1. Looking at region 93-123 only, could you name the residues that are of a type in the set (A, V, I, L, M) and touching a Ser or Thr at 6+ places or on another chain (Cβ under 7 Å)?
2. Checking Leu156 against (1) part of a loop (DSSP other than H, G, I, E, B); (2) closer than 23 Å to Gly211 by Cα, which single condition isn't satisfied?
3. Give the residue that is farthest from the chain's Cα centre (by Cα), with candidates limited to residues of region 110-122 that are closer than 14 Å to Ala176 by Cα and buried (at least 20 other Cβ atoms within 10 Å of the Cβ).
4. Can you tell me which residue among Leu207, Leu185 is touching a strand residue (DSSP E or B) at 6+ places or on another chain (Cβ under 8 Å) and part of a loop (DSSP other than H, G, I, E, B)?
5. Take Glu171 and tell me if it is in a loop (DSSP other than H, G, I, E, B), modelled with pLDDT of 95 or more and touching a Phe, Trp or Tyr at 6+ places or on another chain (Cβ under 8 Å).
6. Could you tell me which numbered condition Thr115 fails, if it satisfies all but one of (1) part of a loop (DSSP other than H, G, I, E, B); (2) of a type in the set (Ser, Thr, Tyr); (3) closer than 14 Å to Gly55 by Cβ?
7. Any residue in region 140-148 that is closer than 14 Å to Val170 by Cα, among the aromatic types (Phe, Trp, Tyr) and at pLDDT 95 or above?
8. Out of Pro260, Pro163, Pro184, I need the residue that is surrounded by 16 or more Cβ atoms within 10 Å (Cβ to Cβ) and modelled with pLDDT under 95. Which one?
Amino acid sequence: MDARTGVIEALKADPATVSVRRSLEVYYGDPAREAAMDAFYARFVQPGDLVFDVGAHVGDRVGSFRRLGARVVAVEPQPPCVRALHTIYAADPGVTVVEAVCGARGGRVAFNVNTANPTISTASPQFIAAAGGAAGWAHERWDERIDVASVTLDGLIAAHGVPAFVKIDVEGFEDAVLSGLTRPLAALSFEFTTIGREVAQRCLGRLTALGFHAFNVALGDAMGFVFPQWTSASRMGAHLRSLPHEANSGDVYCRSRPQPAR
């Protein structure tokens, strides 16, 4: 058992992180999944780069970005996840953990916690409303609310530098995150859900206004693109509108410069 495996096992048994035990079981300990993730993100992340992981959860993407040689700023508001991040990466000076929501402005924000399924906790009341009664979502309950700090992408850039890549996974709050960015970056990704397609459309509009011109998409947790070549925002918007409800979610990848999909 290596040191990190021992840390993960200890976190699974820690009462303070029991709510994210399933996430720790799913997202750590699968070498094939880690290798696929590293190969996928290598098209965006090079050694020495800075990466922002917005909605870092328990940090499996943080691990991938570190294996690729990047410094990482991990933004996460949920206390059990923050504890896990601090514990897993305690000895790693290349990881900075920011306990906050990333949104349209700095200050404080109400954050809705799904204690049974923390991966879908959210700062967006609209996301919760959209989930109500939707097929596959009706059993979900956001049963706790906490008051957390809020930061912006612009504020993170001012504090930490310009990232080469930003990963945004914040359960229907992606458009708010992008509202706090006022400059183009080399590349970023944002999650979409089929219960919140209008959020994705607003994200595409915002990114186009910021100077992003090339788009692609990966469905679910797939480490591969749908389109063989980067495409336009309008084509991406049409594709997201056409997806069946059962597609559920995925990530849209965006570049300010078109490059071949690999």
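1. Here is the first cut: in region 93-123, the residues of a type in the set (A, V, I, L, M) are 95, 97-98, 100-101, 104, 109-110, 113, 116, 120, 123.
Scanning region 93-123 gives Ala100, Val101, Ala104, Val109, Val113.
2. With (1) part of a loop (DSSP other than H, G, I, E, B); (2) closer than 23 Å to Gly211 by Cα applied to Leu156, the lone miss is (1).
3. In the first step, residues of region 110-122 are kept if they are closer than 14 Å to Ala176 by Cα; the result is 110-111, 122.
Right, trim to buried (at least 20 other Cβ atoms within 10 Å of the Cβ) and you get 111, 122.
On the way: Phe111: 16, Thr122: 12 Å.
Among those that are closer than 14 Å to Ala176 by Cα and buried (at least 20 other Cβ atoms within 10 Å of the Cβ), it is Phe111.
4. Numbers: Leu207 fails: part of a loop (DSSP other than H, G, I, E, B).
Leu185 is the lone residue from the list that is touching a strand residue (DSSP E or B) at 6+ places or on another chain (Cβ under 8 Å) and part of a loop (DSSP other than H, G, I, E, B).
5. Values: in a loop (DSSP other than H, G, I, E, B): yes; modelled with pLDDT of 95 or more: yes; touching a Phe, Trp or Tyr at 6+ places or on another chain (Cβ under 8 Å): yes.
Taking the combined requirement at face value, the residue satisfies it.
6. (3)
7. no
8. Of Pro260, Pro163, Pro184, the one residue that is surrounded by 16 or more Cβ atoms within 10 Å (Cβ to Cβ) and modelled with pLDDT under 95 is Pro184.
The values are calculated or read from the model by the stated rules, or taken from the named source; none is laboratory data. Nothing here was measured: the structure is a model prediction, and the numbers come from that model. Counting neighbours? That spans all protein chains shown, and the Cβs are built from the backbone with ideal geometry, glycine included. For accessibility, only protein heavy atoms count, side chains too; no ligands or nucleic acids. Shrake-Rupley method; radii C 1.70, N 1.55, O 1.52, S 1.80 Å.
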